[in-house]
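For reference, the structure is listed below as structure tokens.
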Amino acid sequence: MNSTLTEREGLVRPGTPAMRFASSMRGFKARVFWAVTLLIVLMAALLTSVSIYEQDTTLKRQLYDWGHATIQSMARDSELGVFSENTDFLKSTISNLEREPNIMYAVIYSDSRQILAQTNSAQLPDPLIKSVPDVIVNEISARRATLWRESRHMNNSFYEFWAPIIGSEAPVDDERMLFMDESDDTDNKAAVAEKTRIIGYARIGISLQMARTAINEAIFTSMAILAITLPIAFFVTYMIAVRITRPVSQLARLSEAVAGGDLSQQIDINRSDEVGKLASSFNRMIRSIKERDEELRKSRDELEQRVQRRTAELYAANQNQLQEIAERKRAEQQLREKNAELESMQMQLLQQEKMASIGQLAAGVAHEINNPIGYVNSNMHALNKYAEDLFTILDIYEAAEPLLDPQAAAARRVVSVKQEMDIPYIKEDLPKLLRESQEGLNRVKAIVQDLKNFSHTDEGEWQIIDLHNGLDSTLNIVANELKYKAKVVKEYGDLPLLQCNPSQINQVFTNILVNAAHAIENNGVITIRSGVSGEYGYIEISDTGKGIAPEHLNRIFDPFFTTKPVGKGTGLGLSLSYGIIKKHNGRIEVASELGKGATFRIVLPIVQPVAAPA
Ligand SMILES: Nc1ncnc2c1ncn2[C@@H]1O[C@H](COP(=O)(O)OP(=O)(O)OP(=O)(O)O)[C@@H](O)[C@H]1O
Ligand SMILES: [Mg+2]
């Protein structure tokens, strides 16, 4: 909504009238007011001064003219009295002057400067009027004209007029007024002096007091007029200043409002002058700013909407892309996982194949050795029997030996062969050799059994077995790895037969035992415990090796995780073991303290929960 500033609004201000006046007397208005006021005061002062000066001059001129006329007529009128030295006549001549308030004194002197008559009301002390200065006498004699001068006595100014009293046919040239003027025509004066004679002097003093009083009155009157008119002039000036400056201050306020962003106001000045034109062009300017503002706002709104639409589109596109990226990342991750799984499976297969072929090889070797061992073993039994028989016969023969003819060639031959062969030693050594051979044979038999146990190729994959046997066989197989490093302590508990895949479980034992041997740097102990916990049997293999760092604990079952130098370890042993035990529905637990050793615990169900896989 448009509001309108009217001229009247300029006068409405809060506060006391003095405050309102003070606050309104600022800026342009104040300047106009003070300028006009100063002008008025200066003009008034100038006019008053000029008028008083004029009055003063006029009054003085009038007094001068009047004094001049008076001394002329006094000189003329007293000519006869001076001539006849009739003082009474002279007194009466000047008595009318006593009534004149301006006349301070009037004196008539003889040519010898004696006072012939004087006004009664002489206001000057005698010494002044009693003497006639030489300079005056000389001047008058020389010029024969009226003299005038302004004198002071007791702070009073007055005009003094002198005139010669001439007794002759020729009159005094009263047109020539001189004041100590030296530049007169001396020829003319001489001519006048020849025809006339100065018989006395007239003198009057005219007070300026009345003129001063009149001037003072005039000043007073002027002041009174000023005192009345100046406030009116100030008020009028103020009103004019207000009138002149109100539209300007209104324009200033409005332009401040416009600068502050308020375009709702219009100025209401109906004048045809420049201010009116300024106001109407200001209003036009506000209207066009408003229209432009409106247009700008509209286009800004449109732009904002477009930006918002575009941002939303971009956001949506971005979201789609982000989603696509996330999906692609997920797919990549899945691919990587699958790849790793495949790699791990491949490695496991390879390992299993390796182990299987080692197992097969071992089983083949075991089988091949088993047959000769069978008959060597039975031969050994026969050999023992035969040896015993032979020794029995030998004993019998030796008992019958003294009965033989020592000279007989046969007897001699028997003794020498006996001595050569050292029969007692053979009797002592042969059973020993046979025993040792049997022992050796037994060991070969055990190795073959171990190989069989290890590979179990001769038996079905899933069996119910004694894990202790598997452990022992494995220990025998890895004996080489352990013998210089660790003492093996067996603390076997009560472990029932378990359903498992023996060759795979033996692989697990092998790996854990070899890891334990590797972890022991010099001499250590490997302790094997077993037992039952609920429906599970367990085997625990502890070593006194270097232990596993805590940050490695949850990584040791990862495929390819190894701390061993390149070429020494593949990092697959534990991951394969983990897979095998998982397949057995069991679990592997590990506990370790760095520098003190590690304990691996294999937990297996005594009975597989479902039918053992083929
Ligand atoms: N008893 C143990 N004491 C200390 N560290 C061990 C022990 N057993 C396993 N580890 C750590 O676990 C890692 C992984 O063992 P894993 O058997 O999987 O691989 P590997 O022995 O390094 O190589 P390989 O494939 O030849 O067995 C080892 O490199 C070793 O750092
Ligand atoms: Mg290993």
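Just one residue in the set Arg149, Arg176 is at pLDDT 85 or above and surrounded by fewer than 17 Cβ atoms within 10 Å (Cβ to Cβ); that residue is Arg149. Each residue in segment 256-279 was checked for being in a loop (DSSP other than H, G, I, E, B) and touching a helix residue (DSSP H, G or I) at 6+ places or on another chain (Cβ under 6 Å), and 2 of them qualify. Of all residue pairs spaced 6 or more apart or on separate chains, those with beta-carbon atoms under 6 Å, a first member in segment 509-529 that is part of a loop (DSSP other than H, G, I, E, B) and a second member that is more than 7 Å from ligand 1 (Cβ to nearest atom) and among the aliphatic types (A, V, I, L, M) are Ile520/Ala486. The set of residues from segment 542-557 being more than 8 Å from ligand 1 (Cβ to nearest atom) and buried (at least 16 other Cβ atoms within 10 Å of the Cβ) comprises Ser542, Thr544. Selection within segment 569-586: residues that are assigned to a loop (DSSP other than H, G, I, E, B) and either more than 10 Å from ligand 1 (Cβ to nearest atom) or over 60 Å from the mean Cα position of the chain (by Cα) (or both). The member of this set that is surrounded by the most Cβ atoms within 10 Å (Cβ to Cβ) is His584. Selection within segment 530-559: residues that are assigned to a loop (DSSP other than H, G, I, E, B) and touching a Ser or Thr at 6+ places or on another chain (Cβ under 7 Å). The member of this set that is farthest from ligand 2 (Cβ to nearest atom) is Gly547. Would you call Thr563 within 11 Å of ligand 1 (Cβ to nearest atom) and either farther than 22 Å from Ala479 by Cα or aromatic (Phe, Trp, Tyr) (or both)? Criteria met by Thr563. Which of the residues that make up segment 75-108 are of a type in the set (A, V, I, L, M), in contact (Cβ under 8 Å) with a residue 40 or more places away in the chain and over 12 Å from Thr119 (Cα atoms)? Within segment 75-108, Ala75, Val82 meet the criteria. The condition (being at negative phi and not in a helix (DSSP H, G or I)) is satisfied by just one residue among Asp405, Asp301: Asp405. Pairs linking a residue in segment 567-579 that is β-branched (Val, Ile, Thr) to a residue that is near ligand 1 (Cβ under 6 Å from one of its atoms), with Cβ atoms under 9 Å and 6 or more positions apart or on different chains, are Thr570/Thr562; Thr570/Lys564.
The values are calculated or read from the model by the stated rules, or taken from the named source; none is laboratory data. Quick caveat, the model's predicted, so the values are computed rather than measured. Note that we place each Cβ from the backbone using ideal geometry, even for glycine, and neighbour counts take in every protein chain shown.
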